[in-house]
Each structure stands twice: as structure tokens, then as C-alpha cells.
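What follows is one structure encoded as C-alpha cells, with my remarks underneath.
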Amino acid sequence: MQLHQTQSLVLKTTSYRDKDLVVHFLTKEFGKKTGIFYGARSQRSAYRSMSEPFSLLGIEFSEKENADMITIRSADLLESHVDLRKNYHHFLLASYFTELVHISLIPDPESEAYFELLENALNHLPSKKDITAHKIEFELKLLHLLGVYPQLEHCVICSKPVFQEAPVKTELNPKKNRLYQIDISHGGVRCETCFSSNSQSILINPGSLMFLNRWSQTLRNFNSLEIRPTRQNLAEINPLIQESFKLHLPRQPKASSLLEKALDGVG
Ligand SMILES: [Zn+2]
């Protein structure tokens with residue numbers, strides 16, 4: 001049997017029998033894997049600290065064909081991310097990121113991109129002052145990796161270019177900007193002609209469309225972007241992200257509602 005060595009992040013841990021823990025990993029090269037740390041529930045076990053979520057490990061494992069679990073031959077703790085457990089908001093956000101990755105369907109060959117997304121997000125979290133911006137950045141990057149980032153440049157119904165048009169101000173209400181409609185079930189923006197009363201569509205202002213579009217271009221070009229979302233961006237884009245997760249993830253992250261409550265009122 002072939003031995004593999006890889007870095008892996010602990011996504012979730014559950015008790016198993018009296019003394020053992022089942023650990024779900026995201027490996028850097030081999031996709032998501034599940035293995036058992038034998039004796040890890042005992043106080044003296046070195047595996048105990050390695051089983052904490054967010055831990056970065058170096059592991060050596062073997063795997064039988066079609067087996068549900070890998071056999072862990074050895075493991076080293078590379079980074080415990082202990083700082084993330086000291087701040088309630090950081091802990092909730094790290095739990096949310098980790099759970100999102102845990103429930104996402106990740107093809108093994110695409111493992112590394114998701115691994116880097118999560119590892120970077122966890123590494124940078126303690127230094128982030130604006131954690132709602134950090135949250136939206138992670139969510140948009142995840143939608144991009146999952147291949148379900150909303151399509152913004154052309155109308156999803158008639159393919160007409162949408163973004164290039166100057167927003168029209170109506171004569172009756174000159175102060176009111178035109179709103180754009182994002183149709184999650186169709187995967188993107190609807191032009192004015194294709195506006196629908198479909199309740200699944202979400203209305204956003206031109207500023208939020210611009211914000212999403214800049215992120216879209218940045219993600220496609222593998223660049224990094226330093227634009228801070230405004231409060232209005234956050235308020236408009238968050239429902240859109242949550243609807244996308246509802247549609248594209250097998251279940252909703254449990255950490256989500258607790259996090260929303262905690263972030264309520266945090267700027
Ligand atoms: Zn259209």
C-alpha cells in the first residue's frame with residue numbers, strides 16, 4: 001500500500017468509542033479524508049491537541065481502494081491556531097469557514113485551492129479588524145471556487161450586456177438609482193427587460209453590483225483586491241451569498257445563525 005504525506009487542516013472531530021476520535025481533514029493534495037486518531041480522547045495522548053478544529057497537521061497516511069477511511073501512520077502538529085480560540089468572534093468565524101469547507105463538495109484534484117483558501121483565511125483572521133469584510137471575502141472566493149459566482153456582465157436570460165449600461169435615473173424619481181436584480185436560481189443578473197417579480201431575485205444597487213464585479217474580475221485573474229465593502233454592500237450582498245449557499249451546498253452551515261447574531265451590530 002502506498003504511503004502519502006501531506007499537510008491537512010482539521011475540519012471536524014467527533015467522538016468514537018471510549019477513547020478514539022474520528023477526524024475529518026482537508027488535505028492539501030488528496031481532497032477531503034476521514035481517519036481515526038486512536039486513543040486521542042485520553043489526556044495523555046499527543047493526538048488530543050491535534051484533533052482540535054483549525055489545526056494544521058503534517059500527516060502520513062495510507063488508503064485502501066474504496067475504503068471510507070484512511071489509516072493515519074503518523075501526524076505532527078504544525079500550527080494549532082490557538083489564537084482563534086481566544087476571541088469569540090474569531091472563533092465563530094473560523095468555525096463558519098471550516099464548516100463551509102466541510103460541507104462543500106470538493107473534487108480531490110481541486111483540493112489545493114480550497115486548502116489555500118481556508119489556510120489563508122485562518123492565518124489572517126487574528127490580524128483582521130474588519131471581520132465582516134473578511135467574511136464576505138471568504139464567501140465570495142468560495143463561490144468562485146465552487147463555480148457558482150453570479151454572472152454579472154450579461155443578462156442570464158437574454159445575454160444582453162448589463163454592466164456597461166449607465167444606470168438610468170427615472171424622471172419621476174431622479175434621486176433613485178436603478179436597481180439591479182440578481183436571480184440566484186439562474187446564476188446571475190437580469191437586465192431591465194428581463195426583470196421579474198420572482199421572489200428568489202435579490203435587488204442590489206449599482207454600487208454593490210460594481211463591488212461584486214470587481215471581485216469577479218480579481219478572482220478570475222488570481223489577483224488580490226483591497227476594497228472595503230460599504231455597509232450597503234454588506235447588507236445587499238449577504239442575502240445573495242446565503243441564497244447561493246442554500247442552492248449549492250448540501251446543507252446550511254450550523255455556525256451561520258450564531259455568527260449572524262454575533263456580528264449584528266459589528267461594523
Ligand atoms: Zn435580459
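Provide, as a two-decimal number, the C-alpha radius of gyration of the chain over 2.2 N^0.38 Å, N being how many residues it has.
1.16
What order do you get for Ser62, Ser201 when you list them from fewest to most C-beta neighbours inside 10 Å? Kindly include the intermediate steps, with their values, before the conclusion.
Details: Ser62 13, Ser201 19.
Starting with the residue having the fewest Cβ neighbours, the order is Ser62, Ser201.
Could you line up Ile131, Ile237 from fewest to most neighbouring Cβ atoms inside 10 Å? Walk me through the intermediate numbers first.
Details: Ile131 19, Ile237 23.
Lowest to highest Cβ neighbour count: Ile131, Ile237.
At 0.36 nm per residue, minus the direct Cα-Cα distance, what do Ala46 and Met210 gain on full extension? Give it in nm, one decimal, please.
This chain segment gains 54.1 nm when fully extended.
Along the charge dipole of the chain, Cβ charges K/R +1 and D/E -1, which of Leu117, Ser104, Leu263 sits furthest on the positive end?
The residue sitting farthest along the positive end of the dipole is Leu263.
Between His154 and Leu203, what is the label-point separation in nm under the 7 Å Cα-to-beta-carbon projection?
Spacing of the two 7 Å Cα→Cβ label points: 2.8 nm.
What is the calculated FRET efficiency for Leu249 to Arg85, with r their C-beta to C-beta distance and R₀ = 22 Å, to the nearest 0.05? The partial results should precede the final answer.
Values: r = 25 Å, r/R0 = 1.16.
That pair, Leu249 with Arg85, gives E of 0.30.
Just want to confirm a number: the relative contact order over the chain, from Cα pairs under 8 angstrom separated by 6+ residues, in percent.
Answer for the chain is 15 percent.
So, with +1 on the Cβ of K and R and -1 on the Cβ of D and E, and no other charges, what is the size of the charge dipole of the range 3-128 about its Cα centre, to the nearest 20 debye?
600 debye
When the C-alpha atoms of the range 182-235 are aligned to their principal axes, what extent does each axis show, in angstrom, from largest down?
So the three principal-axis extents are 35, 24, 17 Å.
Computed on alpha carbon atoms, what radius of gyration and Dmax characterise the range 42-170, expressed in Å?
Radius of gyration, then largest Cα-Cα span, for the range 42-170: 19.9, 71 Å.
For a quick check: sort Met50, Met69 by the number of other beta carbons within 10 angstrom, fewest at the front.
Met69, Met50
Regarding the range 1-88, what are the three Cα extents along the principal axes, ordered largest first, in Å?
On the principal axes, the range 1-88 reaches 41, 29, 18 Å in Cα extent.
Throughout, read-outs are computed from the coordinates displayed, never taken from laboratory work. No experiment lies behind these values; they were computed from the predicted model shown. Here the Cβ is made from the backbone with ideal geometry for all residues, glycine too, and neighbour counts use every protein chain on show.
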